[in-house]
Each structure stands twice: as structure tokens, then as C-alpha cells.
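Q: Submitted below is the structure of interest, expressed as C-alpha cells.
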Amino acid sequence: MPAATSSSEQAWVEAARKQWPDISLDPRVFVAHIAKHSGQGGPSFVHAADLYLACACAHAVPGAVAALERTFRDDVARAVRRVDPSPAFADDVAQVLRAKLLVGDAPKITEYAGRSSLRAWLSTAAARAALNLRRNAGARRHEAFDSSIRLVADGGDGELAYLKRRYGAEFDAALRLALGRIDANHRALLRLHFVERLSLERVAAVYYVSRATIARRIAAARRALLDDMDSELRAKLRLSDSELESLRAFVVSAMDVSVTRLLGSSR
């Protein structure tokens, strides 16, 4: 193991390694991380192990993220339950929090400075993410339904415009049912991509898979929604073959924006 640059820094490394013996963060990286947060009183030695784990997560050290989630999962869940006790909401917040804290070139976990416990810092971050998710949902809840289907042209297709006016409410109801029945993993993917507006690369990083794999999974989630909606609308509406074909085009065109609205307002 490379030596730290001073006995004081070595003490930080040893204290942290005692807590996390299986996480092999380069001591020089850890010392630089301590120095980065040395302003405003600097990190507390009491939280050396917490700072080490956060630094290891930021640098994608094997085992670090798993240790973080295993150690603090219950604390994060408690913080979220104070905002909304729904298990589905807790899952949504966990995915959003993971993306914000652990994904990207400069993940937010690097902002943890070791001045308080990592448990308290993560609980605060989780509560903030939960409140933001619910607040954004409330804002979207007031949007008119027609704003979600403007991707379909108004002027060029009289039949399609008629379908919009006549079956907009049925479309909305079918999509709500489909979102309620869809697999939870599919719903989480759609929320991250459409509501949180994460790129394919960032969603892929959340799930530790390639961009191509996550693109296929999102496409599969959209197909599952479309198939469910198609079945629901065909069962409820008596339309001609041409109307059914146009309605399918309407559903495809409007679905992504509507998914964003409905998932965003689901709380």
C-alpha cells in the first residue's frame, strides 16, 4: 500500500481502512479528497471512515457502492417514509438518489465533506429528493391533458384530430391503467428516463449495464405499455379498422409526453 504523505494523513487512512478493510481506495486519492474539503474547519477525524467510503464510491472502487447501500439503506428509507410511506415511492426516490449521488463525471457524493456523519448527510439528501419528487408531481398535476398530446399534428389529418377530441379521455384512462399494471422495473426505467430526464448513459450507469442494454430495456417498457393500452382501447371502443390504425398512431405519438406527465403526477 502506498504510504500517505504524513503521520496525520496515515492515521486517517488507517482509521478508515479499519472500518472498510475490503475497500481498496488508493491512500493518495483519499488524502487528496481530505485536502479538497479542508476549508471551513475541514472534515472531522471522527468521520474518517464515512469520508473514505464516500470517496471510494465517487471513484467507483469495487464494493464501495454496495457497502454504502447496505449500510445506509434503512436510514434513507426512513427519511423517505416521512414524506410518503408508499413502498413504490421509496423505490422511485432510491433510483433518483442513486443517479444523482453516484452517476456522472462529478457525482454529488463528492460533496460530502465529513463534517457530519454520512448517515445524516444521506438522510437529508433522501428527504430533499423525496420532497422534490413530490413537489414536481404536484406541479405537473395541474397541466391540462391536451398539452400532453401536442406531438400529434392538428392540421394535417382530420381523422386524427377527431380521434384526439373524441378519445383523449379514453387514452388517458388506458395509459393510467397500463402504468398501474406494468412491471415495477419497467416503471422505474420510464421514470428515470422521461420524468428525471436522465440520458441513456446515466440510466445505464445506475443499473451497471451498457447503453445498448438500457436502450433495449426502455424500448421493452414502452412496448409493454403500448400493447396494454392497445388491448384496453380495442376492448372498450368500437372502431373501424382505419380508425384503429389511426388510434394506434395517436397512442404512439402521444405516449412519451403523457408518460412523463402521469408518472410525474402519480404521487
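Q: Cα gyration tensor of the range 7-137, axes a ≥ b ≥ c as square roots of the eigenvalues: rounded (a/c below 1.5), prolate (a/b > b/c) or oblate? Kindly include the intermediate steps, with their values, before the conclusion.
A: Details: a/c = 2.17, a/b = 1.96, b/c = 1.11.
Since a/c reaches 1.5 and a/b is larger than b/c, the shape of the range 7-137 is classed as prolate.
Q: OK, next. Tell me which trypsin sites (Lys or Arg not before Pro) from the range 1-108 have a DSSP coil assignment and no more than 14 other beta carbons within 10 Å of their own. Walk me through the numbers before you get to the answer.
A: Working: sites: ARG17, LYS18, ARG28, LYS36, ARG70, ARG73, ARG78, ARG81, ARG82, ARG98, LYS100, LYS108; in loops: ARG82.
Those satisfying the criteria are ARG82.
Q: Answer rounded, prolate or oblate for the range 22-87, using the Cα gyration tensor with square roots of eigenvalues a ≥ b ≥ c: rounded when a/c is under 1.5, else prolate when a/b is larger than b/c, else oblate.
A: Details: a/c = 3.10, a/b = 1.63, b/c = 1.90.
Oblate, because a/c is 1.5 or more while a/b does not exceed b/c.
No value in this document is a laboratory result; all are computed from the given coordinates. Worth saying up front: this structure is predicted, and the values here are computed from it rather than measured. Cβ sites come from the backbone with ideal geometry, for glycine too, and all protein chains shown count toward neighbours.
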